[in-house]
Structures are given as structure tokens and as C-alpha cells.
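S.K.: My questions will all concern the structure given below.
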Amino acid sequence: GENVEQHPSTLSVQEGDSAVIKCTYSDSASNYFPWYKQELGKRPQLIIDIRSNVGEKKDQRIAVTLNKTAKHFSLHITETQPEDSAVYFCAASKTNAGKSTFGDGTTLTVKP
Amino acid sequence: DAMVIQNPRYQVTQFGKPVTLSCSQTLNHNVMYWYQQKSSQAPKLLFHYYDKDFNNEADTPDNFQSRRPNTSFCFLDIRSPGLGDAAMYLCATSREQGNEKLFFGSGTQLSVL
């Protein structure tokens, strides 16, 4: 089955700095890679996703890159703000498969 | 606008006393999932329904059961809760299986006394 590894497990940055979280996956058939943000005590919410036919996607301060050959994808947050502090999960899934495989999560702390 | 609704938000049960958690959705999605999440760990999939087809994960204990009486509702039954079952239970939906984003409910925090 699919295996998703996520690094780092914790990340602390100063407000205004950039943050990068990396994930690797094992199943070359995986073709959908979402990122979820979970604030303390709240539900995970999708912040950005990328499909395997695209190498990069950007939404304001958030971007995701995908390297299919190396089987890794990364989340980039620029100009971080304290409200970016949360746990971020990457995931991988494929067409007609019932499950998304999650990474173990990264706790991001943005210091004012 | 709540799209995936879970009730109750907090549930306290006694060791061994059956408990049912509920989930409803207004998205008309085909797939409904139940996840268990402990202490900011990754959500762990217990099972999911694709329409009426039930799909159990291999490592989900028999103690956990699910029902989906119609498209909108899905229930998680824990037949004999143990202390280790205390967790956040998240319901999620997606339009189709695979390569689709998940819409999560707010979760039910289960405590077992």
C-alpha cells in the first residue's frame, strides 16, 4: 500500500519568514496530493492540492510543488503570519482508491 | 454553512457501554468516511462507504461498526468502548473515491470513563 512520509515533524519560524514542509510517497500510481491545515481543536481543512499532471500550483502565499520522478511534493508558505500556526498534513491518493494516506503531520509555529 | 455535521461535539461514555456517533452531510457526496484521530496524530481511517458499499480497513477492530441508512447520514457504533478508544472521531465526505478532496466534520471528542 501507499506510504507517505512527512518532514519535519515540528517547524518554528519567525513571522514573515517562509516555511517549507516536505512529503514523499511510495506508490507511483498516486495522482492527487492535498494539504490539510488543522488548527487546535478544529477540523482539518484543505488549503491547497495538486494533481499529477501539474508540477506547481500557487494560491496567494501558499504554493505546492510536485516532483513525480522523485515522488515527493512540498508545501511552501511565504510571509508567514501567526494565524498560520497549526498542524499541516499532506496526503496522497489515486483514482478509484477508497482512501487517502496521510503523512504524520507537521506542527508549524509562527512566532510574532 | 455547515456541510458535514457531527453530533455530539463531545461524548462521554463508560467503559464497555455502547455508544453511537452520528454524521450528516448536505453535499450529496457518494463517499463517507470515519477517521479516528489521537493527540494531533494523523487521522486514521477506520472505514468508508462508497454509496452503500462498506469498506473496512484491515486493522479496524471489530468493536467498531458503521451504518449508512441513506446518502446523508452515517453512524459510527462502538460496541464496547475501551480506554484506548478515547479520541477525536472525524467524519469526512468526498464526491468520489480517490483523488478527491475530503470535507471534514468538526468531529466528536469521545471520552471513556
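Please treat every number below as a calculation from the coordinates, not as lab data. Everything numeric here is computed off the predicted structure, so don't read it as measured data. Glycine also receives a Cβ, built like all others from the backbone with ideal geometry; neighbour counts cover every protein chain displayed.
S.K.: Failed condition for B:Asn70, given (1) more than 14 Å from chain A (Cβ to nearest Cβ); (2) surrounded by 14 or more Cβ atoms within 10 Å (Cβ to Cβ), with all others met?
M.R.: Checking B:Asn70 against (1) more than 14 Å from chain A (Cβ to nearest Cβ); (2) surrounded by 14 or more Cβ atoms within 10 Å (Cβ to Cβ), the one that fails is (2).
S.K.: In the stretch A:19-67, which residues are out of contact with any strand residue (DSSP E or B) (no Cβ under 6 Å at 6 or more places or on another chain), within 13 Å of chain B (Cβ to nearest Cβ), of a type in the set (D, E, K, R) and without any contact (Cβ under 8 Å) to a residue 40 or more places away in the chain?
M.R.: A:Lys42, the sole residue that qualifies.
S.K.: Mind checking which residues of the stretch B:102-113 are more than 9 Å from chain A (Cβ to nearest Cβ) and either assigned to a loop (DSSP other than H, G, I, E, B) or among the charged types (D, E, K, R) (or both)? First the steps, then the outcome.
M.R.: Residues of the stretch B:102-113 that are more than 9 Å from chain A (Cβ to nearest Cβ), as a first pass: B:108, B:110-113.
Of everything in the stretch B:102-113, just one residue is more than 9 Å from chain A (Cβ to nearest Cβ) and either assigned to a loop (DSSP other than H, G, I, E, B) or among the charged types (D, E, K, R) (or both), namely B:Leu113.
A quick yes/no check of all residues on (1) more than 30 Å from B:Ala87 (Cβ to Cβ); (2) out of contact with any helix residue (DSSP H, G or I) (no Cβ under 7 Å at 6 or more places or on another chain); (3) not polar (S, T, N, Q):
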site	(1), (2), (3)
A:Gly16	yes, yes, yes
A:Lys42	no, yes, yes
A:Val54	yes, yes, yes
A:Phe73	no, yes, yes
A:Gln81	yes, yes, no
A:Ser85	no, yes, no
A:Ala92	no, yes, yes
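S.K.: Which of the residues that make up the stretch B:70-113 are touching a Ser or Thr at 6+ places or on another chain (Cβ under 6 Å), without any contact (Cβ under 8 Å) to a residue 60 or more places away in the chain and within 18 Å of B:Phe54 (Cα to Cα)?
M.R.: B:Ser72, B:Phe73, B:Phe75, B:Leu76, B:Asp77, B:Gly98
S.K.: Here is a further query. Which residues, taken from the stretch A:68-112, are basic (Lys, Arg), more than 7 Å from chain B (Cβ to nearest Cβ), in contact with a strand residue (DSSP E or B) (Cβ under 6 Å, 6 or more places away or on another chain) and surrounded by 14 or more Cβ atoms within 10 Å (Cβ to Cβ)?
M.R.: Selection gives A:Lys71 alone.
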